[in-house]
1. Among the residues of segment 5-19, is any assigned to a helix (DSSP H, G or I), at pLDDT 95 or above and aromatic (F, W, Y)?
2. Pick from segment 270-281 the residues that are buried (at least 17 other Cβ atoms within 10 Å of the Cβ) and touching a helix residue (DSSP H, G or I) at 6+ places or on another chain (Cβ under 6 Å): which of them is nearest to E51 (Cα to Cα)?
3. Could you list, in sequence order, the residues of segment 22-67 that are among the polar types (S, T, N, Q) and at pLDDT 95 or above?
4. Could you please let me know if E262 is free of Cβ contacts under 8 Å to residues at least 60 places away in the same chain, closer than 19 Å to T301 by Cα and surrounded by fewer than 23 Cβ atoms within 10 Å (Cβ to Cβ)?
5. Hey, can you tell me all the residues within segment 20-51 that are within 21 Å of G201 (Cα to Cα), among the basic types (K, R) and assigned to a helix (DSSP H, G or I)?
6. For segment 57-100, name all the residues that are acidic (D, E), out of contact with any Pro (no Cβ under 9 Å at 6 or more places or on another chain), closer than 24 Å to D146 by Cβ and in a helix (DSSP H, G or I).
7. Checking the conditions here, which among D227, D212 is in a helix (DSSP H, G or I), modelled with pLDDT under 95, over 20 Å from D154 (Cα atoms) and under 17 Å from the mean Cα position of the chain (by Cα)?
8. Of the residues in segment 145-163, how many are assigned to a helix (DSSP H, G or I) and either closer than 24 Å to L200 by Cβ or touching a His at 6+ places or on another chain (Cβ under 6 Å) (or both)?
Amino acid sequence: MNLNPYKQRFEEYLLNQIPEREPKSLYEPLRYVLSNGGKRIRPLLVLLAGESYGVALEKALPAAAAIETFHNFTLIHDDIMDKADIRRGQATVHKKWNENLAILSGDTMLIWAYKMLEKYDAETYKTLSAFLNQTAIEVCEGQQMDMDFENRNDVSIEKYLEMIRLKTAILLGTALKFGAVVAGISGNELENLYNFGTNLGIAFQIQDDYLDSFGTVENFGKKIGGDIIDRKKTFLFIKALELANKKDKDELLSLFNNKSIENEDLINRVLSIFNKYNISELTKEAIEKYTQESLINLEQTAMPEKFKTYWKKFASELMHREK
């Protein structure tokens, strides 16, 4: 299936939702962020889930726009907390303007996400809002866990997986739920669909971890080893700590605590430890595990078989991407 027409129609719709009103300084960052592209995976999930249950694309657009707007709100605040300078190849909002405006614009974006849902009838709006409320709470919980992990060396794989489930994966599950709700689906079908998206989201995040260390600059689109330079406790790092002998574990922790080491030296030495313990293959096994779990969830849905076939292809392409 060619997703470009879906993406193009969504882009047109999304940018028309941000009002031209005063104060312009408040709304300019919203337009800046929402026009900055990205994969648009989450809104596409909304649109395609809706179509899988027989709803027209146009009816699902407000829900798709709400999901994408909420997602970008989280990115603005994430960038402030991470002190990130670049997002999708452009200056982050707090760097281009300032932190105060970034916080306020992010808050405004969150409110607009809910306003976009007002285009639906009262019952649909109530259901979608309840799902978004729960997702928003859990995303915040995941973000706090991620920040807590920065100062800990005892994070288990299980804790890490719970963090990425909350921070990243559940929004993919919610996106699928949104499309199905707009199509009038309820009950266990929504839970099966949500679980499909959430497990796929976990695999997606582990794949991102993998590509950052074992991808290529040409395909990944940015310098390899960024997570290592940022000392992020990724799946790869935690798995290496779990398997390493005392000498290698101490070295890995020492490297992550050494702020004066040159980046290239840091990356090479960390990757050397990763390679010693076969972390690349173990990570790919985890990606495959959660992809397969997502497909089991998909089979439990009552979705027409022709759409299940499409979603299987979609999942495979997502998990075997190189960027």
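The values are calculated or read from the model by the stated rules, or taken from the named source; none is laboratory data. Keep in mind the model is a prediction, meaning the values are calculated, not measured. Every residue, glycine among them, receives a Cβ derived from its backbone with ideal geometry; neighbour counts consider all protein chains shown.
1. Yes, segment 5-19 contains a residue that is assigned to a helix (DSSP H, G or I), at pLDDT 95 or above and aromatic (F, W, Y).
2. So the first thing to find is which residues in segment 270-281 are buried (at least 17 other Cβ atoms within 10 Å of the Cβ), and the list is 270-271, 273-274, 277, 279.
Checking which are touching a helix residue (DSSP H, G or I) at 6+ places or on another chain (Cβ under 6 Å) leaves us with 270, 273-274, 277, 279.
Details: V270: 45, I273: 46, F274: 42, Y277: 44, I279: 39 Å.
Residue satisfying both the conditions and the ranking: I279.
3. Within segment 22-67, just S52 meets the criteria.
4. Working: free of Cβ contacts under 8 Å to residues at least 60 places away in the same chain: yes; closer than 19 Å to T301 by Cα: no; surrounded by fewer than 23 Cβ atoms within 10 Å (Cβ to Cβ): yes.
Taking the combined requirement at face value, the residue does not satisfy it.
5. Step one: filter segment 20-51 for residues within 21 Å of G201 (Cα to Cα), giving 37-51.
From what is left, the residues that are among the basic types (K, R) are 39-40, 42.
Once the filter is applied, which keeps residues that are within 21 Å of G201 (Cα to Cα), among the basic types (K, R) and assigned to a helix (DSSP H, G or I), segment 20-51 yields only R42.
6. Filtering segment 57-100 for residues acidic (D, E) gives 58, 68, 78-79, 82, 85, 99.
Cutting the leftovers down to out of contact with any Pro (no Cβ under 9 Å at 6 or more places or on another chain) gives us 58, 78-79, 82, 85, 99.
Next, only the ones that are closer than 24 Å to D146 by Cβ stay: 78-79, 82, 85, 99.
Result: D78, D79, D82, E99.
7. On the way: D227 fails: over 20 Å from D154 (Cα atoms).
D212 is the lone residue from the list that is in a helix (DSSP H, G or I), modelled with pLDDT under 95, over 20 Å from D154 (Cα atoms) and under 17 Å from the mean Cα position of the chain (by Cα).
8. Taking segment 145-163 first, the residues assigned to a helix (DSSP H, G or I) are 145-149, 157-163.
So of that shortlist, the ones also either closer than 24 Å to L200 by Cβ or touching a His at 6+ places or on another chain (Cβ under 6 Å) (or both) come out as 145-146, 149, 157-163.
So the count comes out to 10.
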